[in-house]
1. Amide H to amide H, which residues 5 or more places from Thr60 or on other chains are under 5 Å from it, using H placed in the peptide plane?
2. At a 1.4 Å probe radius, which order do Thr103, Thr59, Thr136, Thr155 fall into by accessible area, largest first?
3. Calculate what fraction, in whole %, of the accessible area of segment 56-156 sits on carbon and sulfur atoms when a 1.4 Å probe is rolled over the protein chains.
4. Using a cut-off of 24 Å between alpha-carbon atoms, which lysines can reach Lys139, once sequence neighbours fewer than 8 places away in the same chain are excluded?
5. Select from segment 63-94 those trypsin sites (Lys or Arg not before Pro) which occupy a DSSP coil region and have at most 10 other Cβ atoms within 10 Å, ordered by residue number.
Amino acid sequence: MPSLTHVTAALSAVLWLALPTFVAAQAPPGVAHVGKARQNWILQCQGCHRADASGTAETTPAMNGIIAKFLKVPGGREFLVQVPGVATAPLSDDALASLVNWTLWTFDKDNLPGDFVPYSAREVGGLRKNPLRVDTDKKRAALVALIEQLEARETSADK
């Protein structure tokens, strides 16, 4: 009869081998590897945007509960990839597309448009060739104003 140690080791091995399949089945559209996307968030984004994407009022915009709203206004989709921290991240286009998609699904899935198409490596590669170098704050403020106008219209229409 196998010892408890052997049974535990065997179960651990089975679970370890099955984990990639389970994670892949749970991956949102446009995210090839959830673990890698999360790791890239931790290494590339979390230092400024914080673990929960709440940002800091003084220096770093919050992403939690707002980032997907940018997809609903003209220029917002492009902006999300062209901000300096994203466009110049030391990641391949594929890894960056996966990271942006993971960020949208993780921190603001409730605001994703119904017709959302995940970013592709090709799209990200094209957008990051033209990073925003100046006036990023002004561009963001203009987009946030458009988001607020859209939300006000939607609220009026619901009444």
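The values are calculated or read from the model by the stated rules, or taken from the named source; none is laboratory data. None of the values given here were measured: they were computed from a predicted structure. Cβ atoms come from the backbone with ideal geometry, glycine included; neighbour counts cover every protein chain shown. Surface areas here come from the heavy atoms of the whole protein model, side chains and all, with no ligands, DNA or RNA. Shrake-Rupley method; radii C 1.70, N 1.55, O 1.52, S 1.80 Å.
1. Here nothing satisfies the definition.
2. Thr59, Thr155, Thr136, Thr103
3. 53
4. Lys69, Lys72, Lys109, Lys129
5. Listed in order of number, the matching sites amount to none.
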